[in-house]
Amino acid sequence: MHFVIFLHIQLSFAFPLFTTCASVLGRTSSAIQTSNPSFSLYASNRDQGSCSPWCEISSLPAAKLTVILPAYNEESRIQETINQYGTYLTESQIWGRDRGRWCEILVVDDGSTDDTISAVHQCSQRIKGVEITCLSLEQNEGKGSAVARGIHAVRSGYNLQNSENTGIILVADADGSGDIQYLDSMMSELSSLVQSSMDGMNDDNVLPWETKAMIVGNRDGNTSLSRIITRWGFRKLVKIICGDLQVDDTQCGFKMMTLNAGLTLYSELNLKRWTHDVEVLYRAKELGVPVTGMNIGWVDKEGSKLASTLGETIYMSGIMLSEIIFMRIQYIFGRWVV
């Protein structure tokens with residue numbers, strides 16, 4: 001009875017329409033390539049030597065990292081983010097080793113109408129030591145759809161190289177709000193989560209990074225009091241609607257996962273825009289994919305595409321909650337399946 005009353009209130013507050021925009025097939029403006037296709041994207045620590053920098057963050061075999069940046073009309077901010085992330089990766093002894101063959105940055109342009117693509121290409125010509133590519137969608141499909149497109153593009157790149165799906169994905173916001181300095185700590189947490197999953201398996205033929213696991217950032221940093229309050233309220237309501245999703249901050253745009261986890265959780269999303277994070281975590285819960293959260297550095301940047309004032313934040317939160325309620329109903333009645 002309480003849930004019905006809550007449902008009525010939320011539906012009255014938010015949009016009465018629960019429609020999801022249909023995605024339009026995109027096309028790539030550049031392909032994911034490596035300078036040496038014969039180079040193994042998956043190697044044991046023994047192959048790299050006992051003193052490999054990788055051993056500082058993981059006892060598992062090394063794997064390649066792809067940073068996915070979904071971007072829509074970000075020409076004024078994307079270069080700063082790529083410069084910041086690219087510099088960190090190239091100067092890192094862990095990710096910048098072997099002339100950057102262990103990392104790449106993939107920008108997914110979500111149908112931008114400005115010069116986002118040109119800005120990305122300028123960075124790819126200027127920054128050396130890390131591969132920077134751009135996947136361009138013909139029309140705007142939403143952040144969730146853009147991330148899903150990027151993950152499938154990474155998988156396609158591995159298939160071209162006849163390599164296993166053993167990569168690591170870091171999803172981050174195009175404005176660089178998430179602190180890249182937390183990358184190694186997040187990688188260590190993901191490694192521990194994968195190891196725990198492996199300990200519970202009886203299949204010795206499964207490679208560690210073929211398992212499914214995800215780490216979600218918990219935004220800890222410079223933000224306004226109004227955003228803290230609305231985020232807290234939103235999280236509480238999401239927990240009431242969807243149950244425990246294993247993390248405190250469902251909407252954080254800084255997430256790390258194994259490639260196979262990304263392929264499973266982001267394929268054929270029903271919520272393709274701002275609320276896609278909740279569906280991803282709901283799927284993880286239903287499928288038993290291990291997920292955990294960790295605090296990361298975060299700075300809210302000016303120019304948010306979602307909301308910039310308290311009134312806009314409350315309004316958008318209402319819309320997002322209505323979509324989440326709709327999602328929950330669809331799964332309850334079997335109209336959507338995991």
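Every read-out reported here was derived from the displayed coordinates using simple, explicitly stated rules and does not represent laboratory data. Bear in mind the structure is a predicted one, so any value in this text is a computation, not a measurement. Glycine gets a Cβ as well: all are built from the backbone with ideal geometry, and neighbour counts include every protein chain shown.
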Can you give me the P(r) profile for region 27-332? Cα pairs, bins 10 angstrom wide beginning at 0, each as a whole percent.
-> 6, 28, 37, 22, 6, 0
Return the ratio Rg/(2.2 N^0.38 Å) for region 225-293, where Rg is computed over Cα atoms only.
-> 1.11
Residues whose placed amide H lies under 5 Å from that of ASN295, excluding near-sequence neighbours | ASN218
Linear extension gain, ASP115 paired with LEU207, 0.36 nm per residue minus alpha-carbon span | 29.0 nm
Share of alpha-carbon pairs per 5 Å distance bin for region 107-241, given as whole % | 2, 7, 12, 15, 18, 18, 14, 9, 5, 1, 0
What distance in nm separates the simple spin-label points at ASP244 and LYS285, each placed 7 Å from Cα in the Cβ direction?
-> 1.1 nm
Write down the percent of antiparallel bridges among all DSSP beta bridges whose residues are both part of region 27-332, to the nearest 5.
-> 30 percent
